[in-house]
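One structure is given here, and the rest of the page talks about it.
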Amino acid sequence: MPLPWLHDTQARLAKSYRAERFHHAQLFCGPVGVGKFELSDELGNALLCQNIAKQVAAQNSMLKPCGQCKSCLLTLAGTHPDKRLTQVDGQSIGVDDIRGISDFMNHSAAQNGNKVAIIENCEKMTTAAANALLKTLEEPTNSRFLILTTSQPQQLPATILSRCAKSDVKITNTSLAQQWLETLGIPNYSWLALFYNQPLQVKHWQQQDQLKNIDTLYKFATEFKQSHNFKALVDIINKQPELVRIFTLFLSVQLKQQLLQGMSFDAYQSAQNALGEFLQNNTQVLGLNLSLAVSRLAYTLRNS
């Protein structure tokens, strides 16, 4: 399904390719759920397409694969020998991963065209891995393209940043995201607007059948100071610890509203500090008693 908010970025990439100013290393930065990987994957497929010159020939054309040539059929089947994808889940990207990419780039293209390597969440590279990648960036080879994505560019070494063409992937027109989410049949939850800049995150929750749990977290956040039974809240976070960040986001939004409604700044700051400590403990302390931590947070917020 097309992601309409990526149109401007795709158009700019096509323009640079037509003008023969397309950089061999592209870095896409943006929040989780904005479509960086989808943009990278389609760009990589376009660069491998055997009809790429024809695809971008028109003045207002986009840099997209034709979907019909031999290379496109291979990418659709997930078997293109000249495309390499590096993805890790909760791990670091090690130096061996990057050396594998370098070896891949140095070998001849099996389809006698371009070669593309994509590294998702490249901020996970170890120092040794980043140093190994630097050599590939410093010595580009014709018809070899490296595409990186990150949600935390501040964690990348300046040497990497300076050698890539950086694009900020973001949603400037939230109505596009809103309309896109409506096509997925997602209800208009009270919290939905908070994620118009991360619509693919909402889609992921829908696919994982988590939307009702997210809504439950929001309801707990809106009634947190008055609640005393947190069992349902604790059950959700225990089953999916990563959702503690969503719950604390909802609480932070509630605190900001209370500040606007007359809450003293000192009380607001104290409550936000308690919220930050709660999040830190839940993400860093092993064996944390979540029920006790939630009760303590509720007590602090009631008295702030």
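At-a-glance table
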{"quantity": "Listed residues Thr79, Gln68, Ile93: farthest to the positive end of the dipole of region 1-155 (Cβ charges)", "calculated": "Gln68"}
{"quantity": "Cα-centre dipole for region 21-110 with unit charges at Cβ (Lys and Arg positive, Asp and Glu negative), debye to 20", "calculated": "400 debye"}
{"quantity": "Fully extended contour minus Cα-Cα distance, from Asn51 to Val253, at 0.36 nm per residue", "calculated": "67.8 nm"}
{"quantity": "Answer label for volume of the Cα convex hull per residue in Å³ (calculated), chosen among (1) 162; (2) 127; (3) 135", "calculated": "(1)"}
{"quantity": "Separation of the Leu85 and Val285 label points, Cα + 7 Å toward Cβ, nm", "calculated": "3.9 nm"}
{"quantity": "Relative contact order (percent, whole number), the chain, Cα cutoff 8 Å, 6+ residue spacing", "calculated": "19 percent"}
{"quantity": "Exposed-site-free run, longest, the chain (rule: GluC sites (Glu not before Pro); DSSP loop; at most 15 other C-beta within 10 Å)", "calculated": "21-222"}
{"quantity": "Rounded to 5, percent antiparallel among DSSP beta bridges of the chain", "calculated": "0 percent"}
{"quantity": "Contact order normalised by residue count of region 136-220, Cα under 8 Å, 6+ apart, percent", "calculated": "23 percent"}
{"quantity": "Accessible area (Å², per residue) of the chain, counting only protein heavy atoms and a probe of 1.4 Å", "calculated": "53 Å²"}
{"quantity": "Nearby lysines by direct alpha-carbon distance to Lys70 (threshold 26 angstrom, same-chain neighbours under 8 apart not counted)", "calculated": "Lys15, Lys36, Lys54, Lys83, Lys115"}
{"quantity": "Degrees, to the nearest 10: 7-18 long Cα axis against longest axis of the chain", "calculated": "20 degrees"}
{"quantity": "Relative contact order for region 1-134, counting Cα pairs under 8 Å that sit 6 or more residues apart, in percent", "calculated": "22 percent"}
{"quantity": "Estimated dipole of the chain in Debye, rounded to 20 [Cβ of Lys and Arg +1, of Asp and Glu -1, Cα centre]", "calculated": "360 debye"}
{"quantity": "Inter-label distance, nm, simple model (7 Å from Cα along the C-beta direction), Ser16/His107", "calculated": "2.9 nm"}
{"quantity": "Paramagnetic reach from Asn60 (point 7 Å along Cα→Cβ, amide N under 19 Å) across region 6-29", "calculated": "6-19"}
{"quantity": "Reciprocal of mean inverse Cα separation for region 259-304 (Kirkwood radius, Å)", "calculated": "11.3 Å"}
{"quantity": "Peptides ranked, highest mean first, by Cβ atoms within 10 Å: ranges 256-263, 78-85, 153-160", "calculated": "78-85, 153-160, 256-263"}
{"quantity": "Estimated FRET transfer efficiency when R0 is 45 angstrom, pair Thr126-Ser295 (beta carbons, to 0.05)", "calculated": "0.70"}
{"quantity": "Principal-axis tilt of helix 244-260 within the chain, Cα atoms, nearest 10 degrees", "calculated": "60 degrees"}
{"quantity": "Theoretical FRET efficiency, 1/(1+(r/R0)^6), r = Cβ-Cβ of Asp8 and Asp209, R0 41 Å, to 0.05", "calculated": "0.80"}
{"quantity": "Under 26 Å from Lys225, Cα to Cα: lysines that are on another chain or at least 8 residues apart", "calculated": "Lys212, Lys239, Lys256"}
{"quantity": "Heavy-atom accessible area ranking, 1.4 Å probe, most first, across His7, His23", "calculated": "His7, His23"}
{"quantity": "Ellipticity estimate at 222 nm from DSSP helix runs (n ≥ 4, -39,500 (n - 2.57)) divided over the chain, nearest 500", "calculated": "-15500 deg cm²/dmol"}
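The values are calculated or read from the model by the stated rules, or taken from the named source; none is laboratory data. Computed from a predicted structure; not experimentally measured. For neighbour counting, all protein chains shown are included, and Cβ atoms are generated from backbone atoms with ideal geometry for every residue, glycine included. Surface areas here come from the heavy atoms of the whole protein model, side chains and all, with no ligands, DNA or RNA. Shrake-Rupley method; radii C 1.70, N 1.55, O 1.52, S 1.80 Å.
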